[in-house]
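The structure under discussion appears below in the form of structure tokens.
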Amino acid sequence: MDDDSPGVDARRARWAAVGTGVVLALAGTAAAVLRASGTAPVLVPAAYACGASVCALAAVLGARGRTRRALWAAVAGVVIMALGDQFD
């Protein structure tokens, strides 16, 4: 199979979307747990948890081949986490 074929590009895009979504979801979950154990307001860990769930949705969308929607879901998840961090 040629490395420049559309099938290979689509497979790489799917793996990139899944990998990015999983890494961001794990980071958001870890941040939510760390913030929940500290003195941060309740809204901060909740925002991290919500952002992590949106990033997990991005991983699912990427696995199903919806890479463009997965990109926007990952961006939205990171924005939710960043906005939640502003309440600290």
Among the residues of the stretch 66-88 satisfying the criterion of being surrounded by fewer than 15 Cβ atoms within 10 Å (Cβ to Cβ) and of a type outside the set (Asp, Glu), which is nearest to Ala10 (Cα to Cα)?
Arg68
So, Arg11, is that one more than 15 Å from Arg68 (Cβ to Cβ), in contact with a helix residue (DSSP H, G or I) (Cβ under 7 Å, 6 or more places away or on another chain) and basic (Lys, Arg) or not?
no
Out of the residues in the stretch 23-65 that are touching a residue at least 24 places away in the same chain (Cβ under 8 Å) and part of a loop (DSSP other than H, G, I, E, B), which is surrounded by the most Cβ atoms within 10 Å (Cβ to Cβ)?
Ala40
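Read-outs throughout are calculated quantities, based only on the coordinates presented, and are distinct from any laboratory measurement. Given the structure is predicted, the values throughout are model-derived calculations rather than measurements. Using ideal geometry, Cβ is built from the backbone for each residue, glycine included, and neighbour counts are taken over all protein chains shown.
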